[in-house]
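*Asks:* Right, I'll just put the structure down here and ask away after.
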Amino acid sequence: MCKGNVTETKHTYIQEFDDCIIIIKNVPALVCAQCGEVYYSDEISEKLEEIVNRLQTMVKDVAIFEYDKVVKAA
């Protein structure tokens with residue numbers, strides 16, 4: 001939104017629900033150097049949605065996963 005330069009990097013994605021928090025580390029992302037806004041490609045966003053939908057039924061508190069390992073398990 002601020003029109004700053006974006007850099008490809010790894011980012012930590014956090015999703016909160018009523019009874020759990022899912023943390024996925026090292027997710028490929030684009031991050032704005034000016035404002036810090038994080039952007040995910042459509043493909044990564046779809047994968048994150050699939051992962052979270054699958055994991056939220058298994059997690060009851062807090063869970064931390066590595067993106068590459070969870071994607072391979074899908």
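All of the numbers you see were taken from the coordinates with simple rules; none came from a lab. None of these values were measured; they are calculated from a predicted model. Cβ coordinates were reconstructed from backbone atoms using ideal geometry, including for glycine residues, and neighbour counts include every protein chain displayed.
*Asks:* Have a look at the DSSP beta bridges in the chain and tell me what percent are antiparallel, nearest 5. Mind showing how you got there, number by number?
*Replies:* On the way: 12 of 17 bridges.
In the chain, approximately 70 percent of DSSP beta bridges are antiparallel ones.
*Asks:* About the Cα centre of the chain, what is the dipole size in debye to 20, counting +1 per Lys and Arg Cβ and -1 per Asp and Glu Cβ, all else neutral? Provide the component values of the computation, followed by the final result.
*Replies:* Values: 8 positive and 13 negative charges, 52 e Å.
In debye, rounded to 20, the chain gives about 240.
*Asks:* What's the tally of Lys pairs in region 6-73 whose alpha-carbon atoms lie under 13 angstrom apart, where the two lysines are 8 or more places apart or on different chains?
*Replies:* Here the count comes out as 4.
*Asks:* Next up: Nearest 10 degrees is fine. How inclined is helix 42-55 to the longest principal axis of the chain, computing both from alpha carbons?
*Replies:* 20 degrees
*Asks:* When all C-alpha to C-alpha distances in the chain are sorted into bins of 10 Å, what percent of pairs does each bin hold, rounded to whole numbers?
*Replies:* 19, 48, 26, 7
*Asks:* In addition: Rounded to the nearest 500, what is the chain's calculated 222 nm mean residue ellipticity when only DSSP H runs of at least 4 contribute -39500 (n - 2.57) each, over all residues?
*Replies:* Helix contribution divided over all residues of the chain: -8500 deg cm²/dmol.
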